């Protein structure tokens, strides 16, 4: 068997059940590769978890009674872990760390407050060593974890390539991560206008950052000034800038930028100046759900059309129809 899903029906949270006994008696074959546990109402997971030494992917969702996670670090083949809606988990401890994990997603963990860092260890020669808590982790996604403020020092994730911090996460979490990480290739950030620190400072020294996506800033009237520091990015996506009317000319200083994506910016009318757009050297432009700007980008007649006419590929959504031009 390659993949197995255990899913319980909807019940009252306080109802009597024997979920733990049931799941304990459903021990799968140790060679199982993928496992999902959904709406399990036990307080703890079964002992047979530690026997799944071939497990590559684990999804645990809406297990709202669960108070602690199994010792996932002992799953020697685990690469993808998705934890969603575990509302009773308050702390992630050292037994959670994995030397094989490549993708980790924490979502809807409303009461999670602490993700413990690895302790420093002193060698016999007096040297201080700190283990990399996830040495193979490439993608970390944290979403809707409003109380989480403590997280391992980002240097403990030496292979981290993609970071997503989205929807209802604490400002201190973003500050801890973004001011101490220099290895990212891709950053997806929601609500950057709430961040009262220079979140791009650590990233500016990174030569690897290529893709930045900023989302959910509906009341923002301007782009975050920190973007000016990110001169190595090649792709910039802006979603939900509801109050911005014009993109700044300093955008033209992002000399490496070759892709610009604009979605759901209902008041946006103007791109940067002609000179700034020429400095950008864009190869691809996408505009969707930006009605005022789309009108001004009408081929031949729109006031913004001269700024984009030489871009090799641009996708513009006109009233439900998409215009795709490749030059």
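The values are calculated or read from the model by the stated rules, or taken from the named source; none is laboratory data. A quick note: this is a predicted structure, and the numbers were derived from the prediction, not measured. Note: ideal-geometry Cβ built from the backbone for every residue, glycine included; neighbour counts use all protein chains shown.
Examine segment 197-216 for a residue that is touching a strand residue (DSSP E or B) at 6+ places or on another chain (Cβ under 6 Å), at pLDDT 85 or above, within 16 Å of residue 262 (Cα to Cα) and buried (at least 19 other Cβ atoms within 10 Å of the Cβ), and state whether such a residue exists.
Taking every residue of segment 197-216 in turn, at least one turns out to be touching a strand residue (DSSP E or B) at 6+ places or on another chain (Cβ under 6 Å), at pLDDT 85 or above, within 16 Å of residue 262 (Cα to Cα) and buried (at least 19 other Cβ atoms within 10 Å of the Cβ).
Which pairs do you get when a residue that is at positive phi, found in segment 286-312, comes within reach of a residue that is in a loop (DSSP other than H, G, I, E, B), reach meaning Cβ atoms under 6 angstrom, with the pair 6+ apart or on two chains?
289/264
Would it be correct to say that residue 260 is surrounded by 15 or more Cβ atoms within 10 Å (Cβ to Cβ) and outside any loop (DSSP other than H, G, I, E, B)?
Spelling it out, residue 260 is indeed surrounded by 15 or more Cβ atoms within 10 Å (Cβ to Cβ) and outside any loop (DSSP other than H, G, I, E, B).
Given the criteria within 30 Å of residue 139 (Cα to Cα) and out of contact with any strand residue (DSSP E or B) (no Cβ under 8 Å at 6 or more places or on another chain), does residue 219 qualify?
Criteria met by residue 219.
Could you pull out the residue among 2, 12 that is out of contact with any helix residue (DSSP H, G or I) (no Cβ under 7 Å at 6 or more places or on another chain) and at pLDDT 90 or above?
Just a single option satisfies the conditions, and that option is 2.
Being in a loop (DSSP other than H, G, I, E, B), touching a residue at least 24 places away in the same chain (Cβ under 8 Å) and either touching a strand residue (DSSP E or B) at 6+ places or on another chain (Cβ under 7 Å) or surrounded by 15 or more Cβ atoms within 10 Å (Cβ to Cβ) (or both) is the filter here; which residues of segment 24-43 pass it?
28, 32, 33, 39, 40, 41, 42
Return a yes/no flag: does segment 71-80 have any residue that is without any contact (Cβ under 8 Å) to a residue 40 or more places away in the chain, over 25 Å from residue 137 (Cα atoms), in contact with a helix residue (DSSP H, G or I) (Cβ under 9 Å, 6 or more places away or on another chain) and not in a helix (DSSP H, G or I).
No, every residue in segment 71-80 fails to be without any contact (Cβ under 8 Å) to a residue 40 or more places away in the chain, over 25 Å from residue 137 (Cα atoms), in contact with a helix residue (DSSP H, G or I) (Cβ under 9 Å, 6 or more places away or on another chain) and not in a helix (DSSP H, G or I).
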